[in-house]
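The next block holds one structure in the form of structure tokens; read it before the comments.
The values are calculated or read from the model by the stated rules, or taken from the named source; none is laboratory data. Note that the coordinates shown come from a computational prediction; the quantities given were computed from them, not determined experimentally. Heads up, the Cβs are rebuilt from the backbone with ideal geometry, glycines too, and the neighbour counts pull from every protein chain shown.
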Amino acid sequence: MAIADKLKTLPTSAGIYIHKNAMGKILYVGKAKNLRNRVRSYFQSSRNHDPKTRQLVKQITDFEFIVVDNEVEALVLESNLIKKHKPRFNVFLKDDKSYPHLKLTNEEYPKVVVTRRLVRDGSSYYGPFLPTTMARNTLNLVNRAFQLRTCEIEIDGNLSRPCLEYHLKRCLGPCVKGLCTKAEYQEAAADVKTLLEGKNKELAKTLEARMWQFSDEGKYELAARYRDLHRTVLALGETQKMATTADRDIDIVGFHREEQRLALQLFTMREGRIVGRREFFWEDLEEGDLFNASEFLGIVLTQYYSTDYVPLEIHVSQDFDDRAVLEAALTERRGRRVKILDPKRGKNKHLVNLVETNAKIAFDQRFRVLKPDTEKVLEELQEVLELSYFPERIESFDISNISGAENVAGIVVFENGKPARAEYRRLIIKSVDGANDFASMNEAVYRRYRRILDEGRKLPRLVFIDGGKGQVAAAAAAMQALDLEQIMLVGLVKPPKQHNQISHLIVHGREDKPIPFDRNSHAFRLILQIREETHKTAIEFHRKRREKRDFSSELSEIPGIGDKRKMKLLRNFGSIERIAKASVEELKPFIGGKAANDVAEHFAAQRRLGGAE
């Protein structure tokens, strides 16, 4: 049926419409209070259309529509279809992340991690956490008090001795037979589940009963452990009570736009205090996308609150067309009256202005390459990798050689997101002949952490390996030999023939779930910075080794030039090219007159030979 004929059949009821191109691809999804009037408006005179709409109309060859009962249903359906199909001409909420949750994994020996991705994998999810720091604080408490594992290894109880986490009383040690039975570990996991479900009083009673039981049995060490857990749970219950008895439950939205780029900020306010912030960015807005700023706000807020926590009030910088409809939809979701306000004066207007100011700062940080807050970057990295702990210390390894010659490793260290150059190390690979990156990585990792353990120095919480599954497996074997399997290993995988790029990450123990590299993420930019530092360190050391080798082999051909004279020339001239060009008078102060004559004559003879050829 032709478009003209379809237009005649359009109903006057509410619904959504879907514009498609000649290939059947969805170009745009919209909603309408009156489908007939709204859809027909696209195909009437284009003089009142903005540039984006004119471009859209040129590509429309077909459309579909779905009738719904009311505007609220149309709003929700439109949002769902936009998020599903991501049509080119719709404003889409990019970089969308939900609030952080805690995930109790669905494993025989579960662990708890921070995540923003909720998937149907059998795991239990708890949250959202506001402010976002509460997720990390709760995770730290769980690890410290209940001692669930944080590693990625397969637990079979066959390891000969526990890792450092057990000795620091941060893990029950289920990996070693006799330290913790399966039943004991699962009891601790069940306690964590009860805690995260908010059943603090119920858990406190259980822990108190265990405390008295072990006390009566004369097991005073166990009784003391459950006494401490009982106190911790009661204290956490009071903290949660304070955090959830919100006097005011408000989200505040503001944005800043320049040309095709836009930064939007959403602040969360609880009990009259700002406790959290979210950022969203658009880099390729077309001319007409903000022709109607109120339409933009309506679309973005509808998408945002379709999957996330709904507050009782939302304050925006200006009114928008679908405000009443969105209020009704959110009220239905929340189960209580939700208000969307655009304050004109007073404290609330000041808060909206504050959010817009922060949107401008975020815009500058994103698009003018200003430095973001390193703690937030590391928190994002923790969530991306689903770490059970904050990665305050990161180390990274890279191997460098040419056909196996001058095989070296570069090691860099980052503390709290910044390079600790005084702790960089360079290793000469000793046990490997030829080009074997896997064996070289194994040696480098083993030697590095064997020495750190012997000297009692600080271990990293996260290690990056420049390479894929083979390099990561080699590093993991070294870690296993040292009982350091609690340290997460992450491989930085390069695409074929693009050695300066990263295509994705692989986490040891989760190799079947690669993490795509996102260049728009501050966490991934930090990873790229660490990788480049590591690569540079390894390459520079390899180059110096190669130059020294070439230098030594060339000078060894000259009678009377031993190791001491070679080193003097190397220190003072820096390269064989400079020595070859030096005069007798320039060489004489360092190696004496006769040797200087011999060196100068040697290179002069080489130049004459080169000219004859």
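Couple of notes before you dig in:
- So Thr133, is it surrounded by 14 or more Cβ atoms within 10 Å (Cβ to Cβ), in the same structural domain as Arg231 (by TED's automatic domain parsing), under 20 Å from Glu392 (Cβ atoms) and at pLDDT below 85: yes
- Pairing residues of region 419-433 that are not assigned by TED's automatic domain parsing to the domain that holds Arg451 and charged (D, E, K, R) with residues that are in a helix (DSSP H, G or I) and loosely packed, with under 12 Cβ neighbours inside 10 Å, at Cβ distances under 8 Å and at least 6 apart in sequence or on separate chains, gives no pairs at all.
- Among the candidates Ala183, Ala209, Ala189, Ala223, residue that is in contact with a Leu (Cβ under 8 Å, 6 or more places away or on another chain), outside the structural domain of Gly456 (by TED's automatic domain parsing) and farther than 30 Å from Arg457 by Cα: Ala189
- Selection count, region 377-432, where residues are out of contact with any strand residue (DSSP E or B) (no Cβ under 9 Å at 6 or more places or on another chain) and assigned to a helix (DSSP H, G or I): 2
- Listed by position, the helices (runs of 4 or more DSSP H) enclosed by region 118-206 that each have at least 3 residues that are of a type in the set (Gly, Ala, Ser) are 182-196.
- Restricting region 63-119 to residues that are in contact with a strand residue (DSSP E or B) (Cβ under 8 Å, 6 or more places away or on another chain) and hydroxyl-bearing (Ser, Thr, Tyr), the residue that is modelled with the highest pLDDT: Thr105
- Test: Arg457 is in a loop (DSSP other than H, G, I, E, B) and not assigned by TED's automatic domain parsing to the domain that holds Leu168: yes
- Selection from region 510-539 of residues that are farther than 22 Å from Val412 by Cα and over 17 Å from the mean Cα position of the chain (by Cα): Asp512
- Exclusive hit being in contact with a His (Cβ under 9 Å, 6 or more places away or on another chain), in contact (Cβ under 8 Å) with a residue 24 or more places away in the chain and outside any strand (DSSP E or B), set Ala477, Ala523, Ala473: Ala473
Per-residue answers, yes or no, for (1) touching a strand residue (DSSP E or B) at 6+ places or on another chain (Cβ under 8 Å); (2) under 24 Å from Leu484 (Cα atoms); (3) small (Gly, Ala, Ser):
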position: Gln147; (1), (2), (3): no, yes, no
position: His167; (1), (2), (3): no, yes, no
position: Gly173; (1), (2), (3): no, yes, yes
position: Lys182; (1), (2), (3): no, yes, no
position: Ala209; (1), (2), (3): no, no, yes
position: Lys219; (1), (2), (3): no, no, no
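- In region 254-279, the residues that are over 20 Å from Ile340 (Cα atoms) and of a type in the set (Asp, Glu) reach residues that are at pLDDT 80 or above and surrounded by 15 or more Cβ atoms within 10 Å (Cβ to Cβ) with C-beta atoms within less than 8 angstrom, at least six apart or across chains, in these pairs: Glu258/Phe363.
- For region 307-325, a tally of residues being over 16 Å from Leu264 (Cβ atoms) and either polar (S, T, N, Q) or part of a helix (DSSP H, G or I) (or both) returns 4.
- Failed item, numbered, when Ile340 is tested on (1) more than 15 Å from Thr268 (Cα to Cα); (2) without any contact (Cβ under 8 Å) to a residue 40 or more places away in the chain: (1)
- Applying the criterion of being at pLDDT 85 or above and touching a Gly at 6+ places or on another chain (Cβ under 7 Å) to the residues of region 368-419, the residue that is surrounded by the most Cβ atoms within 10 Å (Cβ to Cβ) is Asp398.
- Residues within region 576-597 that are at pLDDT below 85 and surrounded by 14 or more Cβ atoms within 10 Å (Cβ to Cβ), tallied: 3
- Filter pass, Asn143 being at pLDDT below 85, within 17 Å of Phe390 (Cα to Cα) and crowded, with 19+ Cβ neighbours inside 10 Å: yes
- Counted residues, region 335-366 - those being closer than 25 Å to Asp322 by Cβ, surrounded by fewer than 18 Cβ atoms within 10 Å (Cβ to Cβ) and small (Gly, Ala, Ser): 1
- Any hit, region 154-165, residues being buried (at least 19 other Cβ atoms within 10 Å of the Cβ), in contact with a Cys (Cβ under 8 Å, 6 or more places away or on another chain), within 24 Å of Arg231 (Cβ to Cβ) and modelled with pLDDT of 85 or more: no
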